[in-house]
Amino acid sequence: MNYRHAFHAGNFADLAKHAILTRLLRDLTVRPAPLTVIDTHAGAGLYDLAAEASRRTGEGEAGVTRLMADASAPAEFDDLKAAVRRANAPRQGRWYPGSPTLIAAALRPRDRYVACELHPDEAAALKQVLPRQLGAVVHKGDGWTHAAKIAPAAPAALLALIDPPFERGDDYEQSVRLTARLLSVNGGAVIAVWTPLKDLATFDAFLGDLEDAAHSLRPVEILAAEARLRPLDDPMRLNGCAVVVVNPPPGLEDHARVVVDWVARTLGDKGAEGRVHRLSPPAGGSAAPA
């Protein structure tokens with residue numbers, strides 16, 4: 001309840017997450033089936049980079065402001081850059097669109113979006129941001145339990161964004177548990193989990209737990225895209241971020257590789273790197289169809 005994304009909006013982690021999210025939305029909305037998107041930690045939806053919170057950290061200026069000024073940035077950021085422009089007056093960059101704004105803009109009339117937000121002020125702000133004509137519902141409450149509750153009734157085409165602040169000690173465990181729950185009711189669900197990268201041991205343990213939980217239900221493909229801005233040797237510092245996607249659509253691997261490489265090399269320290277790798281299904285199994 002203490003986390004406020006306004007301090008971090010538009011930072012390097014948002015750029016990596018949102019450039020991958022916009023590609024997922026593009027891929028899934030060209031398919032004819034109605035899509036349901038569940039967002040476990042939606043936030044306020046739109047962030048003022050001129051506000052005191054953003055200016056205090058300078059993370060938005062170091063992230064999205066640099067992206068928008070880079071005319072040579074890869075085309076993999078084009079959808080995100082277009083969304084930033086839509087959120088602002090011409091030649092201005094005051095506002096940064098969060099995941100709910102990006103999702104709502106991508107959905108078709110037959111699609112549905114469930115945005116979960118625990119903090120009352122953030123939930124109230126989110127209700128003002130989301131267009132009422134879309135099939136968007138804001139749930140003020142715990143995203144872990146609500147996502148698990150509504151998933152069985154969702155149509156076959158399901159995208160879940162799991163993006164907790166990782167301030168609680170059990171956020172990794174909760175992410176694994178919810179992933180397993182979603183796959184148990186929809187083996188083809190596309191699940192994107194954002195995580196911080198601090199130390200390698202913590203991230204490796206999370207990947208191992210996620211693999212075990214997912215593959216205990218059925219063989220699935222898991223794609224991990226990492227933007228390593230600094231060496232992963234300090235558990236008290238945000239040294240990078242990762243987006244881990246279960247059942248990634250075709251083509252996402254190449255897209256994600258360009259994204260995390262640009263984020264790491266452009267915004268990171270000397271020696272920063274982007275890494276993308278697949279966690280293959282167990283021997284003898286075959287992945288769920290993308």
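The values are calculated or read from the model by the stated rules, or taken from the named source; none is laboratory data. Model, not experiment: these values are computed from the prediction. Heads up: the accessible areas ignore ligands, DNA and RNA and are worked out on the full protein's heavy atoms, side chains in. Shrake-Rupley method; radii C 1.70, N 1.55, O 1.52, S 1.80 Å.
Structure values in brief
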item: Amide proton proximity set for VAL276, modelled H, under 5 Å, gap of 5+; result: GLU226
item: Percent of Cα pairs exceeding the 29 Å cut-off, where the set is the chain; result: 28
item: Accessible surface, 1.4 Å probe, highest first, among residues ILE191, ILE150; result: ILE150, ILE191
item: Descending Cα extents along the principal axes, segment 104-209, whole Å; result: 45, 33, 23
item: MET68, MET236, reordered so the largest accessible area comes first (probe 1.4 Å); result: MET236, MET68
item: Note, ³J(HN,Hα) from phi for segment 117-129, Karplus 6.51, -1.76, 1.60, rounded to Hz, x at Gly and Pro; result: 8, 7, 6, x, 5, 5, 5, 5, 5, 5, 4, 7, 7
item: Shape call, segment 190-264: gyration tensor on alpha carbons, a/c limit 1.5; result: oblate
item: ³J(HN,Hα) computed for each position of segment 232-246 - Karplus, 6.51 cos²θ - 1.76 cosθ + 1.60, integer Hz, glycine/proline x; result: 8, 9, 9, x, 9, 10, 7, 9, x, 8, 9, 10, 10, 10, 8
item: Segment 132-273 - Rg and Dmax from Cα coordinates, angstrom; result: 15.9, 48
item: Fully extended contour minus Cα-Cα distance, from ASP204 to ARG218, at 0.36 nm per residue; result: 2.9 nm
item: Nearest-10 value in Å² for the accessible area of GLU211, using the 1.4 Å probe; result: 50
item: Exposure ranking of LYS127, LYS270, LYS198 by accessible area [1.4 Å probe, largest first]; result: LYS270, LYS127, LYS198
item: Derived scalar couplings ³J(HN,Hα) [segment 206-212; Karplus, 6.51 cos²θ - 1.76 cosθ + 1.60; whole Hz; x for Gly, Pro]; result: 4, 4, x, 5, 5, 4, 4
item: Equivalent ellipsoid semi-axes, segment 17-171, via Cα gyration tensor eigenvalues times 5, rooted, Å; result: 26, 20, 14
item: Long-range HN-HN contacts of GLY141 with modeled amide H, under 5 Å; result: GLU117, LEU118
item: Residue-averaged 222 nm ellipticity for the chain, from DSSP H runs of 4+ at -39500 (n - 2.57), nearest 500; result: -12000 deg cm²/dmol
item: Computed accessible area, ASP212, all protein chains, 1.4 angstrom probe, square angstrom; result: 110
